[in-house]
Amino acid sequence: MKKKGIGIISLILIIIIAIVAGIKIKQNHDENAVQEIQPVKVSSKTVPTFFFHGWGSSWHAEDTMAQAIKRAGATNTIVRVNVNKKGHARLIGKIKKNAKNPLVEVNFSDNKLTNSQYNGQYANAYDSTGARYVKNAIDLIRNKYHYSKINIVAHSMGNLEVASYIKLNAGKKNFPQIDHLVAMAGHYDGIIGICGWGWYFIKCRC
């Protein structure tokens with residue numbers, strides 16, 4: 001009887017262990033399934049994406065992303081727009097008729113908006129100059145290639161320049177439809193050591 005009882009207990013333990021192991025395997029499978037990167041179908045429509053760099057930076061900061069997107073097959077065209085300190089935008093490269101989702105690397109020569117600060121109030125430069133730089137870069141491409149829709153990717157200071165551009169121009173005729181707006185490291189909550197007022201408040205944390 002004792003041997004039979006031990007055998008029954010052993011069988012029950014084996015069943016319990018098997019059930020627990022099965023549950024654990026299923027959980028691991030579910031977790032891995034969630035973490036798997038699913039392929040994304042990229043639209044073949046021709047919508048240009050503008051990249052705007054941050055404070056003190058340049059188009060070089062955008063090029064790593066742009067090249068990765070091209071290698072992934074999501075685009076076949078990368079051009080650059082340089083905006084000088086007077087706001088004049090110049091296209092470097094050409095967008096051909098068969099271009100798929102062309103990427104536009106925007107470069108601001110005045111990459112710190114140095115000449116647009118008023119009494120140290122840096123925030124005013126976004127409205128007075130940054131928004132104009134953004135507009136001129138976008139208008140250059142749209143006027144030449146007649147795009148009605150655009151995408152925007154902006155980093156750091158570029159986000160506030162883009163925000164000012166939208167705020168000042170959204171109600172005007174021929175303002176483009178922005179399909180997607182990606183904001184990376186936008187300092188909307190203020191900048192340490194920078195004081196000033198714009199259409200938003202830049203916190204003074206000096």
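Kindly establish whether A154 is in a helix (DSSP H, G or I) and at pLDDT 80 or above.
On the way: in a helix (DSSP H, G or I): no; at pLDDT 80 or above: yes.
In short, no.
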**Request:** Confirm whether N28 is polar (S, T, N, Q), farther than 30 Å from N151 by Cα, surrounded by 10 or more Cβ atoms within 10 Å (Cβ to Cβ) and at pLDDT below 95.
**Result:** yes
**Request:** From (1) open to solvent by 20 Å² or more (accessible area, probe 1.4 Å); (2) closer than 19 Å to V182 by Cα; (3) modelled with pLDDT under 95, pick out the condition that doesn't hold for K97.
**Result:** (2)
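The values are calculated or read from the model by the stated rules, or taken from the named source; none is laboratory data. Quantities reported herein were computed from a predicted structural model and do not represent experimental measurements. Glycine gets a Cβ as well: all are built from the backbone with ideal geometry, and neighbour counts include every protein chain shown. Accessible surface areas use protein heavy atoms only, side chains included; no ligands, DNA or RNA. Shrake-Rupley method; radii C 1.70, N 1.55, O 1.52, S 1.80 Å.
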